[in-house]
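S.K.: The structure is given below, and queries will be raised subsequently.
Nothing in this text is a laboratory measurement; each read-out follows from the coordinates by a stated rule. As the structure is a computational prediction, the values presented were derived from the model and not from experiment. Glycine gets a Cβ as well: all are built from the backbone with ideal geometry, and neighbour counts include every protein chain shown.
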């Protein structure tokens, strides 16, 4: 067992010293900002900090000051120490990746209090002094030896980072003219206008004019800059939007406050809809903070019990999307309850067949494996424990679920238990269809529009 032990006032001699070494990481800086509530851009925005070296010295010097306190409280003198005061000068900037050596040296003792003065010094990996100064402490009188407490791991999750990066990648692309279908509530209307505000779409608002204007008034937004096509009801709004897309007058659709079935009924209508030779399917582009890469989930919204032929198109649609978003050869995990093929579980047979279809180039552009359980699709540790040797297992980019029920439950579990956000897009139609939910956060809505823009422009260099 590892112990932590102090040095009493009587044991300390002038000239005694102790050191520790730490490497500053980006997560250290963020965690310090979270704990202190300090969101000064000089501290947490590296681009700004590079232009403001004085504040960078102060910000990261405060981290160094915390290390000095740690050294005094855990090593010299150690447990029982009472910190009385310090004087520090921050001399050089410290950047993420710098390795800092912190040293404290006893320079004076006052036996009446009992008080010890320490010289404090922090140097970087080049031997340059970044912090110098002194600290006064009341040293412990009694010996303390205790088991060292193991601190919990802290994981910094930058929620929505992938979506922000995705939106940033659309800069310079011409926005797409988008039919916003029945935006008669605040969320659907403001979501479309927010996307317009950052240059992702040019909205064409379609629906009952009085309801749309009432939603705008309640939200405090001006509809003056936007085209509004009035309809009697949501059915007519959906039909009008599809007709505009079919005529090439809009480049995408965006679901407003109407049921998905109502919109998709018009999309897949024979002769007047937007269907192609490819099966229409839905993909969630998930930003899961605990997963090290973008994660696509399909199909959780359109195909209830897809056939094998349906699944072929579902897989191909997801691969094509991932490739447009910059994943050169996406890894596709065909999900089931088990990892072996069983005649009693249709999803395992479909998984095996899909993999063979990829071998025969009936599915192209991705690397498929299945059946795989969810655990060994996303966890290399789980895959290794089960003896699964696969370039997909543990590193999946795309999860293909057996049916809508499984996919919908998995998406919501990731959202509410893993703090994931989900941007939704419908593929396989003549134009991209942004499929939003009332529970979607504003950033998710904008990310969905960004995906639609990238699909419409077919920008193969964009990465998530």
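S.K.: Could you check the spin-label model distance between residue 340 and residue 323? Points 7 Å from the Cα along Cα→Cβ, value in nm.
M.R.: 3.5
S.K.: Okay, next question. At a Förster radius of 25 Å, what calculated FRET efficiency corresponds to the Cβ-Cβ distance of residue 356 and residue 418, to the nearest 0.05?
M.R.: 0.20
S.K.: Once fully extended, how much extra length lies between residue 173 and residue 83, figured as 0.36 nm per residue of separation less the alpha-carbon to alpha-carbon distance?
M.R.: 26.7 nm
S.K.: Work out the FRET efficiency for residue 261 and residue 66 from their Cβ-Cβ distance, taking R0 = 51 Å, and round it to the nearest 0.05.
M.R.: Efficiency computed from Cβ-Cβ geometry: 0.35.
S.K.: Can I ask one more? Need one number: % antiparallel among DSSP beta bridges in the chain, to the nearest 5.
M.R.: 65
S.K.: Also, quick follow-up: Could you work out how far apart the two model spin labels at residue 349 and residue 101 are, taking each label as a point 7 Å from the Cα in the direction of the beta carbon, and quote it in nm?
M.R.: Rounded to a tenth, the inter-label distance reads 6.9 nm.
S.K.: For the stretch 274-431, what does the alpha-carbon gyration tensor say about shape, rounded, prolate or oblate, given a ≥ b ≥ c as the root eigenvalues, a/c under 1.5 as rounded, and a/b over b/c as prolate?
M.R.: rounded
S.K.: How many percent of Cα pairs in the stretch 234-282 exceed 13 Å?
M.R.: 54
S.K.: Per residue and in Å³, how big is the convex hull formed by the alpha-carbon atoms of the stretch 66-187?
M.R.: Hull volume over Cα atoms, normalised by residue count, gives 232 Å³.
S.K.: Report the convex hull volume per residue for the stretch 354-448, counting only C-alpha atoms, in Å³.
M.R.: 133
S.K.: Here is a further query. For every helix of n ≥ 4 consecutive DSSP H residues, a contribution of -39,500 (n - 2.57) applies; sum these over the chain, divide by its total residues, and give [θ] at 222 nm rounded to the nearest 500 deg cm²/dmol.
M.R.: -11000 deg cm²/dmol
S.K.: Let me ask something else about it. Would you work out if the stretch 364-411 is rounded, prolate or oblate? Take a ≥ b ≥ c from the square roots of the eigenvalues of the alpha-carbon gyration tensor; rounded if a/c is under 1.5, else prolate when a/b is larger than b/c, oblate otherwise.
M.R.: Cα axes put the stretch 364-411 in the oblate bin.
S.K.: How big is the shadow of the Cα convex hull of the chain, averaged over all directions, in nm²?
M.R.: So the mean shadow area of the Cα hull is 28.8 nm².
S.K.: Between residue 5 and residue 161, what's the calculated FRET efficiency when r is the beta-carbon distance and R0 is 45 Å? Round to 0.05.
M.R.: Efficiency at R0 = 45 Å is approximately 0.60.
S.K.: Simple spin-label model, 7 Å along Cα-to-Cβ: residue 364 to residue 210 in nm?
M.R.: For the pair residue 364/residue 210, the computed spacing is 5.4 nm.
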